[in-house]
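The block underneath contains the structure these notes are about, expressed in structure tokens.
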Amino acid sequence: MAAPGQPSPQQLAAMQQQFAAEAARRGLSPEEFAKQQREQLNAEAAKQGMTTEQYVAQLRMRAIAAQQKAAGVQRQLQSEGGPAQAGQQGPPGQGPQPTLQQRTQQVPVNPNNPPNPKALAVAQFLRSQNLKTRTCIMDGQRKDMFKVKRAIRALESPAYAKAQKKNPNLPPVTDRASAENVFKLLPLSVLALRVSKVDPHAGHGHAKPAKRVKGLWTVKIEQHQEADPMMHYVWLYEGPQWKQKAMAAAVVAGIFAVVLFPLWPIMLRQGVWYLSVGMMGLLGLFFAMAIFRLILFCITVFAVPPGLWLFPNLFEDVGFFDSFKPLWGWQETKKAKKKKSKKTVGGAPEPQASQATESIPAATTTATAATDTAGPVKRDLAPRVEEATEE
């Protein structure tokens with residue numbers, strides 16, 4: 001029989017099984033997991049200013065006190081509820097078992113543990129892949145969200161096998177089960193966590209707003225981290241921060257240089273002055289051109305309707321050089337816009353007649369035969385230009 005306060009052999013066996021299962025879930029051997037726990041205990045004891053034995057004894061006393069308190073609450077519930085609460089009590093010697101609500105509130109990750117190097121390598125690889133991430137809102141911050149199936153697909157791709165040969169920290173992936181086990185390293189190290197969509201206005205008394213950002217989810221972290229292909233995960237691992245640090249350093253250097261502008265050499269200050277005058281001149285030339293083209297259109301809309309535009313694509317959503325092509329163009333009427341939209345419904349727009357006549361050396365004449373059973377055959381010999389479609 002076990003001494004008072006000491007676990008029984010059955011409890012020891014159960015604890016060893018749980019310890020081995022937790023080590024396997026973290027991708028470590030029981031010896032490595034025990035070494036990691038010892039190092040963590042030593043660090044926590046050093047923070048408290050105690051030895052490791054004293055810190056372990058303090059934790060044991062706290063656990064016994066919490067167990068006694070839970071047993072007292074369980075006995076009180078049984079005395080108040082009678083046999084209805086008896087089903088929640090576990091086997092003798094194991095204390096009260098947690099209820100279903102208590103079990104669903106437990107998150108199987110430990111954010112205090114440092115990230116596993118293997119999990120960091122997997123996160124860095126998946127961050128470099130195209131997982132078709134979308135932006136979501138979590139705790140008022142914008143985060144990148146992705147689906148599990150795309151991450152599993154990336155882990156099973158030849159790119160991962162090639163990267164695994166170069167980086168020994170990447171675990172091998174041989175089948176779908178091993179890919180899921182590798183993916184589970186992310187939530188265990190709190191690099192990515194499973195989330196679900198929630199209504200940000202649920203439980204509020206006010207009405208829902210009429211406008212919302214299309215496709216922008218508001219999400220919350222789920223307690224159980226699973227690896228179903230259709231589940232969504234959010235990235236908590238931001239990756240290397242050297243780009244952000246470099247940009248911040250460049251901004252600070254630029255502000256510092258502007259503040260010290262009076263101390264610049266005379267040649268640099270003159271160069272900046274000439275550059276600013278040139279930019280202002282280009283900006284003024286652009287506004288003058290925009291005003292001139294508007295005046296030209298107002299004159300030609302009455303003189304030669306439908307009106308002439310200088311640089312018709314100047315304010316269109318095109319590139320810089322395409323904004324100045326072509327040099328001029330006629331104003332499109334509503335009928336022309338409707339015809340153009342009808343032509344572009346089924347695919348690419350058809351070329352205009354002027355483009356067709358430029359691509360062929362001469363106009364093509366056709367004769368359409370009109371048969372008439374009652375009289376002689378009449379032919380329409382009027383020539384007309386047909387549009388040539390490019391294959």
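Restricting attention to the range 118-142, which residues are of a type outside the set (Val, Ile, Thr) and surrounded by fewer than 17 Cβ atoms within 10 Å (Cβ to Cβ)?
Selection gives 128, 130, 132, 134, 139, 140, 141, 142.
Could you count how many residues in the range 161-201 are among the hydroxyl-bearing types (Ser, Thr, Tyr), surrounded by 13 or more Cβ atoms within 10 Å (Cβ to Cβ) and more than 20 Å from the chain's Cα centre (by Cα)?
Residues that pass the stated criteria total 1.
Residue-wise test of (1) part of a helix (DSSP H, G or I); (2) at pLDDT 85 or above.
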{"site": "276", "(1), (2)": "yes, yes"}
{"site": "287", "(1), (2)": "yes, yes"}
{"site": "293", "(1), (2)": "yes, yes"}
{"site": "309", "(1), (2)": "no, yes"}
{"site": "329", "(1), (2)": "no, yes"}
{"site": "339", "(1), (2)": "yes, no"}
{"site": "348", "(1), (2)": "no, no"}
{"site": "364", "(1), (2)": "no, no"}
{"site": "369", "(1), (2)": "no, no"}
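Could you grab me the full set of residues in the range 121-170 that are aliphatic (A, V, I, L, M) and more than 30 Å from residue 198 (Cβ to Cβ)?
Answer for the range 121-170, where residues must be aliphatic (A, V, I, L, M) and more than 30 Å from residue 198 (Cβ to Cβ): 121, 159, 161, 163, 170.
Residue 265 - would you say it is more than 43 Å from the chain's Cα centre (by Cα), modelled with pLDDT under 85 and not small (Gly, Ala, Ser)?
no
For the range 8-39, give me each residue that is without any contact (Cβ under 8 Å) to a residue 60 or more places away in the chain and of a type in the set (Ser, Thr, Tyr).
29 - this is the single residue of the range 8-39 that is without any contact (Cβ under 8 Å) to a residue 60 or more places away in the chain and of a type in the set (Ser, Thr, Tyr).
Name the residue that is surrounded by the most Cβ atoms within 10 Å (Cβ to Cβ), counting only residues in the range 218-269 that are among the hydroxyl-bearing types (Ser, Thr, Tyr) and outside any loop (DSSP other than H, G, I, E, B).
If we filter the range 218-269 for residues that are among the hydroxyl-bearing types (Ser, Thr, Tyr), which is where we start, we get 218, 233, 237.
Filter once more, keeping what is outside any loop (DSSP other than H, G, I, E, B): 218, 233.
Numbers: 218: 18, 233: 28.
Checking each candidate, the answer is 233.
Would you confirm, using the coordinates I've provided, whether residue 293 is over 43 Å from the mean Cα position of the chain (by Cα) and closer than 30 Å to residue 258 by Cβ?
No; evaluated as a whole, the condition is false for this residue.
The values are calculated or read from the model by the stated rules, or taken from the named source; none is laboratory data. For clarity, every value in this text was computed on a predicted model and none was experimentally measured. With ideal geometry, Cβ positions are generated from the backbone for all residues, glycine too; neighbour counts draw on all protein chains shown.
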